[in-house]
Every structure is written in C-alpha cells, then in structure tokens.
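Peer 1: Below is a structure I'd like to ask you about.
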Amino acid sequence: MTVGKPIVVAVSGVKNSGKTTLIEGILPHLSAAGIQTALIKHDGHAFQADPPDTDTGRHFGAGACGVAIFDEEKSKVIRRGPVGAEALIPLFPEADLILLEGFKSSPRPKLEVVRAGNSKEPVCAPETVLAYVTDLPLEGEGRTVLPLNDPAVVAAWLVSYTKEQRGES
C-alpha cells in the first residue's frame, strides 16, 4: 500500500485496559491485509535503552549522545534528550498506519479500550474517539463499538479506516 503520509491512530484507555494485548492481536491481521504498521509507545518511566553489558549499552553508558545498531533486517537508534510522538512519526515513512499506544489525552483520533473489571466508562475526550473497543454493553455515544475479544474485527475496521483516510477503496 504505502502511498502518502501514514494514518496515525492512538490506542488509548486506562492502565491495564488491554491496549498492548489488543495491538498484539490486530497486528498480524493488519499485516495480512497488506497494511504496513508501525507502533510508537510512550513509557511513563525511564527505561533501559540497551543492556549495560552490550556494546551499544556500554557506549551509551559511557556518555555517547546516541548509538545505533543494525543488521540486515532491522535497526535501532537510541538518543539522549526529550522527544515526543510527533517527532517519531516521521521516522516511519514506509508505514501505512502508525499506532500510538496510550496518548489518551492527545488530540489524535483514537480507539479507546474499555474493559470490564478495569474501566467503568470511557475516559478520552469523545470528539477524539473513532471507536470504542470493549467487552461492556457500552452505548457508542454516536461512535462505533467494536468487540474487545475479536482482534480480527478490530483490524478489519482499521484496514477500512486506513484505506478510507488514504483515499483508497
């Protein structure tokens, strides 16, 4: 597919609502449909970019402002300094769709995950929600409601949305 800018959709919800599980479940379906998908996740805590016993970890730990590693199939760049999702989006020009995990307060269009036993009601601004992905009998508030436990249905909806936003049929 990959023509034009990627479509960006956040997969949002409260902590432990099932965002990661949902994304993991829909990615194979998106791939099978020919949708090149990248993911950007915010970590609210400091994370270890590379283990300290690796070459890149040692270089970063010794003070390098950035390190990169690659092989014939993949690459990773680690840089010091503040960054946000908007700065990372252009790093994936080959993507048809970029999923942002989290970002419930962002103005980006989103799928909001609302899971029984974890969430009682949606928390995202309704005007930013494209669809609710839930196992609750939620009224869609004029939005699409998708089944939380059926990633194939969610992925099919995302494929249609991506193609529509990119002007494809």
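Peer 1: Would you rank 80, 166 by solvent-accessible area, highest first, keeping every protein chain in place and using a 1.4 Å probe? It would help to have the intermediate numbers written out before the result.
Peer 2: Details: 80 120, 166 35 Å².
Descending accessible area places them as 80, 166.
Peer 1: Okay, moving on. For the stretch 1-118, what is the percent of antiparallel DSSP beta bridges, rounded to the nearest 5?
Peer 2: Antiparallel: roughly 30 percent of the beta bridges in the stretch 1-118.
Peer 1: Excluding ligands, DNA and RNA, what is the solvent-accessible area per residue of the chain at a probe of 1.4 Å, expressed in Å²? Spell out each step's value before the answer.
Peer 2: Working: 10090 Å² over 169 residues.
Roughly 60 Å² per residue, with all protein chains present.
Peer 1: Run the accessible area of the chain with a 1.4 Å probe and give the carbon-and-sulfur part as a rounded percent. Spell out each step's value before the answer.
Peer 2: Numbers: 5490 of 10090 Å².
Exposed carbon and sulfur together represent 54 percent of the surface.
Peer 1: Please work out the ratio of the alpha-carbon Rg of the stretch 20-169 to 2.2 N^0.38 Å and round it to two decimals.
Peer 2: It is 1.22.
Peer 1: Something else: Could you tell me how far the Cα centroid of the stretch 95-156 sits from the Cα centroid of the stretch 1-76, in Å?
Peer 2: 20
The values are calculated or read from the model by the stated rules, or taken from the named source; none is laboratory data. Everything quoted here is computed from the prediction, not taken from an experiment. Note: accessible area is taken over every heavy atom of the protein model, side chains too, but ligands, DNA and RNA are not part of it. Shrake-Rupley method; radii C 1.70, N 1.55, O 1.52, S 1.80 Å.
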